[in-house]
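Structure record follows, encoded as structure tokens.
The values are calculated or read from the model by the stated rules, or taken from the named source; none is laboratory data. No experiment lies behind these values; they were computed from the predicted model shown. Cβ atoms come from the backbone with ideal geometry, glycine included; neighbour counts cover every protein chain shown.
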Amino acid sequence: MSSRRIAGIFITVFWAPHAVSRLHPECEFIFQLEREERRCLQYVAEQGNRSSEGCWPFWDAVACWPRAVAGETVQRACPAVFSLFKNNTGSVSRNCTGGGWSRPFPPYHVACSVDDDIPESEELYFTTVKMIYTVGYGVSLVVLTAAVLTLLFFRRLRCARNFIHIQLFGTFILKSVAVFIKDATLFSSDETNHCTLSTFACKTSVVFCHYCVMANFFWLLVEALYLNSLLLSSFYHSRRCLWGFSLLGWGVPVLFIVLWMISRAYFEDTECWDINEDSPYWWIIKGPIVVSIAVNFMLFINIIRILIQKLNPRLIQFNNSSQYRRLAKSTLLLIPLFGTHYMFFNFLPDYFNVNLRLCIELCIGSFQGLLVAVLYCFLNQEVQKELHMQWLRWRERSYGVVSPAAKGSQMDTPF
């Protein structure tokens, strides 16, 4: 049983509740095994000059077996390292035969009540999740890039509202790129040891990924603030207001990321900064994100309240279904824009229902950028009108066909 295989024994249980420690349980398991291995190899070296009869001491990647004479049965208690995950009092035995040591009986996974490999269903689940979010981020990256180029290309689409949309689309693009960079850096090889990997490249990729995610949440907050301000007042938003939104969306995350980097570098410079369980410094990043999600949810509820008030009361009295369809449509459109679905796991502990959390945060989250780009760019009537006129102008240049609609248009609203 190789060390790599042993390290994989606990990959499915490392999310279990555990005592507060500076090291992740899986890393503590690996480091303790390495300490036991060094002690065993030192013991083996000390025994090297003695009689060669019987069975030699050796390290089997789990436990250290002492010298024994032929015919002797040696019994070892389950290694203490297993207690990091499960309490057990089992034991494993080996026979010293003329041909050397026998296989352990019963096997470690039976005697010590641990799995000797990742369950096939669990492995399939994580493989599927990785494939889905890779496709999701890849498709979102292409569609979002097309949306940004579209909004920048047409002069008539340049307004405060689309400026904010472009910034939000940009954060989704950066988040997709950051995920691919992080995966390439941290998971490029099955042999990568995340407990000892501590290079500048891997830390940079983790920091960049955290910044992109945080900036994405803050631009979702900017979208909510801007829409609320439009519904509550009709004044024209000056460039100073847009500069304020830009500072909130891009600048505030920088402040928290720098504080987190300093804290990790000085007080918790372990691994690749990618393991944050039980770390108090993780709240430097997680805290502002939680607050932004909570504020977004309150703004979402406020906008729904305003939309209800703006419905025609006379039509409501006669149960006009079209009014409620408009309200339902507006509500559903706002959910991806405000990231309302994140409220589902916002205040739950990190280890709560890990599989469901991964499915929502990685699978659904990876397609959020695609959904936002389609809803707020390609399904927008102004964008469709500009694309249609561009198509007509292209036909005019190619075939000499002139359409009155291709001569120009005006935007319906200034925002």
| request: Output the residues belonging to segment 264-289 that are surrounded by 18 or more Cβ atoms within 10 Å (Cβ to Cβ) and of a type in the set (G, A, S). | output: S279
| task | Select from segment 61-75 the residues that are small (G, A, S) and either assigned to a loop (DSSP other than H, G, I, E, B) or under 47 Å from the mean Cα position of the chain (by Cα) (or both) and list them in ascending order. | result | A61, A63, A70, G71
| Residue check, I303 buried (at least 16 other Cβ atoms within 10 Å of the Cβ) and either under 17 Å from the mean Cα position of the chain (by Cα) or not in a helix (DSSP H, G or I) (or both) | no
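Residue-wise test of (1) β-branched (V, I, T); (2) more than 30 Å from F172 (Cβ to Cβ); (3) at pLDDT below 85.
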site	(1), (2), (3)
P66	no, yes, no
V69	yes, yes, no
E72	no, yes, no
P79	no, yes, yes
F85	no, yes, yes
V92	yes, yes, no
C96	no, yes, no
G99	no, yes, yes
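Results for (1) in a helix (DSSP H, G or I); (2) modelled with pLDDT under 90, shown as yes or no for each residue.
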{"residue": "T196", "(1), (2)": "no, yes"}
{"residue": "H210", "(1), (2)": "yes, no"}
{"residue": "S234", "(1), (2)": "no, yes"}
{"residue": "R240", "(1), (2)": "yes, yes"}
{"residue": "W243", "(1), (2)": "yes, yes"}
{"residue": "G251", "(1), (2)": "yes, no"}
| Cβ-Cβ below 6 Å, separation at least six or inter-chain, first residue in segment 376-403 and under 30 Å from L334 (Cβ atoms), second at pLDDT 80 or above and small (G, A, S): which pairs? | C377/A147
| query | Do the conditions hold for S292, that is, is it small (G, A, S), within 25 Å of C202 (Cα to Cα) and surrounded by 14 or more Cβ atoms within 10 Å (Cβ to Cβ)? | reply | no
| Residue in segment 309-330 that is under 22 Å from the mean Cα position of the chain (by Cα), over 17 Å from V213 (Cβ atoms) and modelled with pLDDT of 65 or more present | no
